[in-house]
Amino acid sequence: MKILAPLCLAFGILTGCQTTPRPGKMATPRIGDEILVAGQFVHTGTRVVLWMDPGGYDAYRVERRFSPLERADWEHSRQDEKELTSPNRYNLRRNGLSAEEIERIRGGGWDLPSLQRVVDQFVIHFDACGTSRECFKVLQDYRDLSVHFMLDLDGTIYQTLDLKERAWHATTSNSRSVGIEIANMGAFGPDEENPLDKWYAKDASGRTRITVPPEQGDGGIRTRSFVGHPARPDPVRGTVQGQELVQYDFTPEQYLALSRLTAALCKSFPRIKCDYPRDVTGKLVTRKLPDAELKAYQGVLGHYHIQTNKVDPGPAFQWDRVIGEAQKLLHGGMSDMADQTSKGHLHSGTLTR
């Protein structure tokens, strides 16, 4: 009998054991914090909307998401948008794989250990669009680009592709990285024309408030009546790629969600070290990494560490805040996060489920 029980569990469908779930019975429902890694659900402890969920953003689709439906198909899309060159905006990760492995995986057959061997960078962008809905519109409908995650003003994370896919977001790092676009209007030179006054203003109490402009409607923000505030009230000045830049900070909700996602990714992909690029004194590197250093680098990094023509996530991004909190979660706090997750407490700003 002791031998029969595990056999029933393993071969219930063949043996007809009573432990076999009934055909048609719904599987255990997700709680809403899971990301998808090579077909496996991984908890993050913060709210995640997958591409397959209502209200999600699906980068697997060929058609444009926000164009008129009758012109959304690929034939009309390539006529209407000359920058679109491919019906697919992602492809297969190949770097580090043998010919035999590529042949096995090309049909979608990634196993987690193989993916863990390939992925060793987490690239952080600002979207310069202000909201995740507008970001997906630009990527999917106009730019022939994609990214695994988008992080909205209210802390909601949207996953658009399984992490097994090679998203098009960071040129030379695409094959080895996971990418995220954070809703933020970006960084500008002090004398450069910019949209910041349109998005950021003081309210009656003197607190800086984020206002989505009328042309974006409600912005698609998932949290009803959400009012966003940058983590620091005044514009932040700093230098990236040798340029002096001005930028408003990200929201506290975004920092909380990103810290939890970072911890989950570093846990899922051991080659992503939970740290950012540092110089010999231990300070943040604010320029593109030299080619040899970038090739060897494993960890969390900004778009500007990869390309000289990029400055995201900008001078306002608080690297120590994100990495410090993620490291706390990894070094003892993951069990607390798991307990909260199992009880259904999903962190997305003030939202609790």
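Please compute the per residue accessible area over the chain with all protein chains in place, 1.4 Å probe, rounded to a whole number of Å². Intermediate results must be reported in sequence, preceding the final value.
Working: 17580 Å² over 353 residues.
For the chain, the solvent-accessible area averages 50 Å² per residue.
Looking at the stretch 17-91, which trypsin sites (Lys or Arg not before Pro) are in a loop (DSSP not H, G, I, E or B) and have at most 11 other Cβ atoms within 10 Å? List each step's numbers first, then the result.
Values: sites: Lys25, Arg30, Arg47, Arg61, Arg64, Arg65, Arg71, Arg78, Lys82, Arg89; in loops: Lys25, Arg30, Arg47, Arg61, Arg64, Arg65, Lys82, Arg89.
Listed in order of number, the matching sites are Lys25, Lys82.
Of Thr28, Ile221, Phe126, which is farthest towards the positive pole of the chain's charge dipole, taken about the Cα centre with +1 and -1 on the beta-carbons of Lys, Arg and Asp, Glu respectively?
Thr28
Which percentage, to the nearest 5, of the DSSP beta bridges contained in the chain is antiparallel?
Details: 22 of 39 bridges.
The antiparallel fraction comes to roughly 55 percent.
I need the per residue convex hull volume for the stretch 81-156, using only the alpha carbons, in cubic angstrom as a whole number. Please report the intermediate quantities before stating the final value.
On the way: hull volume 9.7 nm³, N = 76.
Residue-normalised Cα hull volume stands at 128 Å³.
For each pair in Lys283/Lys310; Lys283/Lys328; Lys273/Lys328; Lys82/Lys198; Lys288/Lys328, compute the distance between the two Cα atoms and list the pairs where it is over 18 Å. Numbers along the way, then the final one.
Numbers: Lys283/Lys310 20 Å; Lys283/Lys328 20 Å; Lys273/Lys328 14 Å; Lys82/Lys198 30 Å; Lys288/Lys328 28 Å.
Pairs exceeding 18 Å: Lys283/Lys310; Lys283/Lys328; Lys82/Lys198; Lys288/Lys328.
What are the trypsin sites (Lys or Arg not before Pro) within the stretch 176-270 that DSSP puts in a loop, where the Cβ has at most 14 other Cβ atoms within 10 Å? Write out the running numbers ahead of the final one.
Numbers: sites: Arg176, Lys198, Lys202, Arg207, Arg209, Arg222, Arg224, Arg237, Arg260, Lys267; in loops: Arg207, Arg222, Arg224.
Counting only loop positions with at most 14 other Cβ atoms within 10 Å, the trypsin sites (Lys or Arg not before Pro) in the stretch 176-270 are Arg207, Arg224.
How much of the accessible area of the chain, in percent, comes from carbon and sulfur atoms when a 1.4 Å probe is used? Walk me through the intermediate numbers first.
Working: 9200 of 17580 Å².
Carbon and sulfur together cover 52 percent of it.
Using the alpha-carbon centroid of each, what span in Å lies between the stretch 279-307 and the stretch 49-93?
32
Report the percentage of all Cα-Cα pairs in the chain whose separation exceeds 38 Å, rounded to a whole percent. The partial results should precede the final answer.
Numbers: 11714 of 62128 pairs.
Every Cα pair in the chain considered, those over 38 Å come to 19 percent.
Choose one of Ile210, Gly332, Ser177: the residue whose Cα lies farthest towards the positive end of the charge dipole of the chain (beta-carbon charges +1 Lys, Arg; -1 Asp, Glu; about the Cα centre).
Going by the Cα projections, it comes out as Gly332.
Given a cut-off of under 8 Å on Cα pairs at least six residues apart, what relative contact order in percent is computed for the chain?
Details: 659 pairs, mean separation 66.9, N = 353.
This gives 19 percent for the chain.
Ignoring GluC sites (Glu not before Pro) that are buried or in helix or strand per DSSP, and keeping those with at most 11 other beta carbon atoms within 10 Å, what is the longest stretch of the chain between them? Numbers along the way, then the final one.
Details: sites that count: Glu83, Glu192, Glu193.
The segment 194-353 is the longest one with no such site.
The values are calculated or read from the model by the stated rules, or taken from the named source; none is laboratory data. From a predicted model like this one, the values you see are computed outputs, not experimental measurements. Glycine gets a Cβ as well: all are built from the backbone with ideal geometry, and neighbour counts include every protein chain shown. Accessible surface is based on the protein model in full, side chains and every heavy atom, while ligands, DNA and RNA are left aside. Shrake-Rupley method; radii C 1.70, N 1.55, O 1.52, S 1.80 Å.
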